[in-house]
């Protein structure tokens, strides 16, 4: 099985991963995966709380995979060992917890997953650089170039796409539905995602960031997740 869900923000929204809320995990093994679409947040201070909750995840029957969102301590996250995982590059955060790096393609249970984390914080004016916000929340030139190189290698074909924010048009749709026009302006990342959305052959696209659950009317293959946990394989 492969499950996918939205942001957990450290321990703030991790309750949805409990066995009571997500009982299907009782049928899973370490060969199965749960994917978090960014704002993992359990590499924030590397303090006792972070480590306790990472151990809690490591003790789950499945393997936890996550992409980065905008609310990550990137300085700490990038210190973890980089390993090869199912055809792509990942940071090994725990015995069975991996950060899927940007612009990578992973083959999980015979399906191809393209990953590209990051997002622009809409509350960045109220955050402190190096303490509660990091410049790496937005991809750099090399990461965009690597993503294109990967997509070209696979002829712009993947089964699933995992991002934190949405392509520009879908982000605008979400903002309108939530009454948040102006809070989520287009940026280089959302424009890039829209560009690849139009080029890429894919079955499903899953993202977080906007703290609700809905399916796009523009492209029903694109799903915003927060509390829902979907079984996609």
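Residues that are part of a helix (DSSP H, G or I), over 30 Å from residue 27 (Cβ atoms), within 15 Å of the chain's Cα centre (by Cα) and at pLDDT 95 or above occur in the range 129-146; there is at least one. Answer yes or no: is there a residue in the range 212-221 that is at positive phi, modelled with pLDDT of 95 or more, surrounded by 15 or more Cβ atoms within 10 Å (Cβ to Cβ) and not in a helix (DSSP H, G or I). No, because not a single residue in the range 212-221 is at positive phi, modelled with pLDDT of 95 or more, surrounded by 15 or more Cβ atoms within 10 Å (Cβ to Cβ) and not in a helix (DSSP H, G or I).
Residues in the range 157-179 that are in a loop (DSSP other than H, G, I, E, B) and surrounded by fewer than 16 Cβ atoms within 10 Å (Cβ to Cβ): 179 alone. Residues of the range 13-27 that are surrounded by 17 or more Cβ atoms within 10 Å (Cβ to Cβ) and in contact with a strand residue (DSSP E or B) (Cβ under 8 Å, 6 or more places away or on another chain): 17, 22, 25.
The values are calculated or read from the model by the stated rules, or taken from the named source; none is laboratory data. Keep in mind it's a predicted model, so treat the numbers as computed, not measured. Heads up, the Cβs are rebuilt from the backbone with ideal geometry, glycines too, and the neighbour counts pull from every protein chain shown.
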